[in-house]
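A.B. asks: So that we are looking at the same thing, I have put the structure below in C-alpha cells.
Read-outs: derived from the displayed coordinates by stated rules, not from any lab. This is a predicted model, so every value here is computed, not measured. Cβ placement follows ideal geometry from the backbone for every residue including glycine, while neighbour counts extend to all protein chains displayed.
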Amino acid sequence: GIANPSDTQAINYIDTSGVQNRIAVQPALTQATDTSTPITVPTTSGFNFANNAGALTYNLPVITSGMVSAVYQRCFRNAVTVTRVITLQAPASTYFDYAGANGSSAGSLVSSGAAGDAACVVAVSTTQYEAYVSRGAWTNN
C-alpha cells in the first residue's frame, strides 16, 4: 500500500517505474551555547559550545535503540577564547570507547581545559558511545 503522506519522518515518492520509495528525513541538528552546569544533553544530534566561567559537565542521555539506528552524534567544544575543562558523563551501564579502549561503566571523558578542546560522541550500541577527539588532550575515566 501507499505510505501515509502525512508521515513527517519520511518523504514518500513513486519513481518513474511506478515503485513507491520512502526516504527517511534526518531531524535538524541542534546547537547550544552553554553557560551553566551540569547540562542534560538532549537525545537529538547536535553541537554544544562551552562558554561558562568554570568547568562544565555534560550528562549524556541513556542510549536507546532508536538513537543507534538514527546514528546519534553529539559534539562538544570550548567556545572561542574559552579555556575550561569539559566533562562528558556517561549514564549508568554505559561506556566511552576512546582510542580503542573502554573507560569505566558510567565513566567520564574529560578534557584538559585548553582553548579549542573538542570531541564528538556517536551512539554505537545501547551501552556504548564511541568518542572522537578532534582537538586537545582527553582522559577516559
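A.B. asks: Please work out how much length the chain gains when fully extended from Val124 to Ser36, using 0.36 nm per residue of separation minus the C-alpha to C-alpha distance, in nm with one decimal.
C.D. replies: Working it through step by step, the gained length comes to 28.8 nm.
A.B. asks: For a quick size check, give me the Cα extents of the stretch 54-141 along its three principal axes, largest first, whole Å.
C.D. replies: Between the extreme Cα coordinates on each principal axis of the stretch 54-141 lie 37, 24, 22 Å.
A.B. asks: Hey, any idea what Rg/Rh is for the stretch 95-141, computing Rh the Kirkwood way over Cα pairs?
C.D. replies: Reported Rg/Rh, Kirkwood definition of Rh: 0.96.
A.B. asks: Another one. Which distance in nm do the two modelled labels at Ser104 and Val68 give, with both placed 7 Å along the Cα-to-Cβ direction?
C.D. replies: 2.5
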